[in-house]
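K.L.:
I have a structure I would like to understand better, so I am pasting it below and will then ask my questions one at a time.
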Amino acid sequence: MQEELENRVWVLLADLGFPELSMGSEFSISLQKGRSEPVRKGVSVFAKDDETVVVAQCLATQGIQRKSLKPLVEELSSNKSQIATAIRKHYGDGYKPKIVWTIVTDKVIWSKPDRELAAKNNIAVVTEREL
């Protein structure tokens, strides 16, 4: 389920023409918070072109169910700055892309507060319908 969803998102971004895409489900970005040791953070799908980066976290469930997505939204939101810094560090300070932060779900019923929290944190919500 999870891998299938990640593959669907990956194929969509490849079809949209992103020349650089993460490979496999083990893709991660090294995050540096303050002076602490860097921590590897998994990203479901990463895509990059000359102007845009897509960072997508995917979540699939076996059957249709309500699930609190607040922790996932809060985690992605709290890591946005460090991920953006890691992207600039990797590609050089001259690369200043628009970063599209996305949570993609399959068979998950989003609550209104979770959708509002995602919108407040500029995180796009993509469900199986939109995908």
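K.L.:
Wholly within the range 19-131, which strands (runs of 3 or more DSSP E) include no fewer than the required count, namely at least 2 residues that are more than 14 Å from the chain's Cα centre (by Cα)?
P.N.:
In the range 19-131, 28-31, 39-42, 52-66, 98-109 are the strands (runs of 3 or more DSSP E) which contain 2 or more residues that are more than 14 Å from the chain's Cα centre (by Cα).
K.L.:
Can you tell me which residue in the range 103-121 is farthest from Glu74 (Cα to Cα), limited to those that are among the basic types (Lys, Arg) and surrounded by 13 or more Cβ atoms within 10 Å (Cβ to Cβ)?
P.N.:
Lys107
K.L.:
Then there is this: Please state which of the following conditions Ser28 fails to meet, knowing it meets all the rest: (1) among the small types (Gly, Ala, Ser); (2) within 15 Å of Val126 (Cβ to Cβ); (3) touching a Gly at 6+ places or on another chain (Cβ under 8 Å).
P.N.:
Against the list (1) among the small types (Gly, Ala, Ser); (2) within 15 Å of Val126 (Cβ to Cβ); (3) touching a Gly at 6+ places or on another chain (Cβ under 8 Å), Ser28 comes up short only on (2).
Condition check ((1) charged (D, E, K, R); (2) open to solvent by 50 Å² or more (accessible area, probe 1.4 Å); (3) on the phi > 0 side of the Ramachandran plot) across all residues:
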{"site": "Asn7", "(1), (2), (3)": "no, yes, no"}
{"site": "Phe18", "(1), (2), (3)": "no, no, no"}
{"site": "Ser22", "(1), (2), (3)": "no, no, no"}
{"site": "Gly34", "(1), (2), (3)": "no, yes, yes"}
{"site": "Glu37", "(1), (2), (3)": "yes, yes, no"}
{"site": "Asp50", "(1), (2), (3)": "yes, yes, no"}
{"site": "Val54", "(1), (2), (3)": "no, no, no"}
{"site": "Gln57", "(1), (2), (3)": "no, no, no"}
{"site": "Gln62", "(1), (2), (3)": "no, yes, no"}
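K.L.:
Now for a different question. Just the residues that are open to solvent by less than 20 Å² (accessible area, probe 1.4 Å) and among the hydrophobic types (A, V, I, L, M, F, W, C), please, taken from the range 87-102.
P.N.:
Ile87 - this is the single residue of the range 87-102 that is open to solvent by less than 20 Å² (accessible area, probe 1.4 Å) and among the hydrophobic types (A, V, I, L, M, F, W, C).
The values are calculated or read from the model by the stated rules, or taken from the named source; none is laboratory data. Since the model is a prediction, treat every value here as computed from it, not as a measurement. Cβ: placed from backbone, ideal geometry, glycine included. Neighbour counts: every protein chain shown. Each accessible area value is taken on the protein alone, full model and side chains, heavy atoms only, with ligands, DNA and RNA left out. Shrake-Rupley method; radii C 1.70, N 1.55, O 1.52, S 1.80 Å.
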